[in-house]
Structures are given as C-alpha cells and as structure tokens.
1. If I ask for residues that are in contact (Cβ under 8 Å) with a residue 40 or more places away in the chain and β-branched (Val, Ile, Thr), which ones from segment 58-97 would you list?
2. Among the residues of segment 27-43, write down those that are of a type outside the set (A, V, I, L, M, F, W, C) and in contact with a helix residue (DSSP H, G or I) (Cβ under 9 Å, 6 or more places away or on another chain).
Amino acid sequence: MSTVAESQDWLQRGETLEKHSAPELLGWALKTFYPRISLACSFQAEESVLIDMMHGIRGSDFRIFTLDTGRLNQETYDCMDAIRERYEVKIEVFFPDSANRLSPARCAVASERWSR
C-alpha cells in the first residue's frame, strides 16, 4: 500500500521526467532496467517508432516480445519479419495455451458483449 509521501515522490519525479524528450527517457529506462526491460509489441506505428529509438540507443541489444494469438493478420507477420531484418533483433513470441483459447465464434460473442 502506497503512502502519501510515496505518491508525492512519484508526482515530483513525474514533473522532472516530463522535462525530458522521449529518446532521453527511453535511454534512461534502458540503462536503468536493462536487461529486465522489454518492449511489448503489437507491430503498430507507435511500437515501430519505439523500436527505431531503441535501436538508435542500444543497437540490436534490446528485447521485444509479442503475443501471437494465432489470429494475427498476415500484415502483422510481414511487419514482424521486416523489423527483424531491418534492425537485426530477436523477437520473443509467446503463444496462449490452446486449451484456454477462445474459438472464433466465442470471440465474436465476447466482443459483442464488451461493446455494449
């Protein structure tokens, strides 16, 4: 449980961190938390920008992981391959336990319920 003092400390840190650029913050995070830090990536535009920044800071020495549900579009796999080739990085791919994965029909029902 956080205390008021801890909350104030994080507020002050936030104000300090806001003065830095994204590459500066990313460089600090990579330096501070490497090798435990990893980028969760769904291969959208935002992650591509972060990957390019990380590569500029550390070369190919950083971690990326993705979750492959088995239902990704071909374009996602193509993007993943292009990033591997361009930046010479390894992408850790994790798959869900197939016994716990919803069928496409159940996904449609769940999606309909969540959109209400």
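Nothing in this text is a laboratory measurement; each read-out follows from the coordinates by a stated rule. Predicted model only: the values in this text are computed from it and were never measured. All Cβ positions, even for glycine, are placed from backbone atoms using ideal geometry, and neighbour counts span all protein chains on display.
1. Those that are in contact (Cβ under 8 Å) with a residue 40 or more places away in the chain and β-branched (Val, Ile, Thr): Ile83, Ile91.
2. Restricting attention to segment 27-43, the residues satisfying the condition of being of a type outside the set (A, V, I, L, M, F, W, C) are 27, 31-32, 34-36, 38, 42.
Within segment 27-43, Gly27, Lys31, Tyr34, Ser42 qualify.
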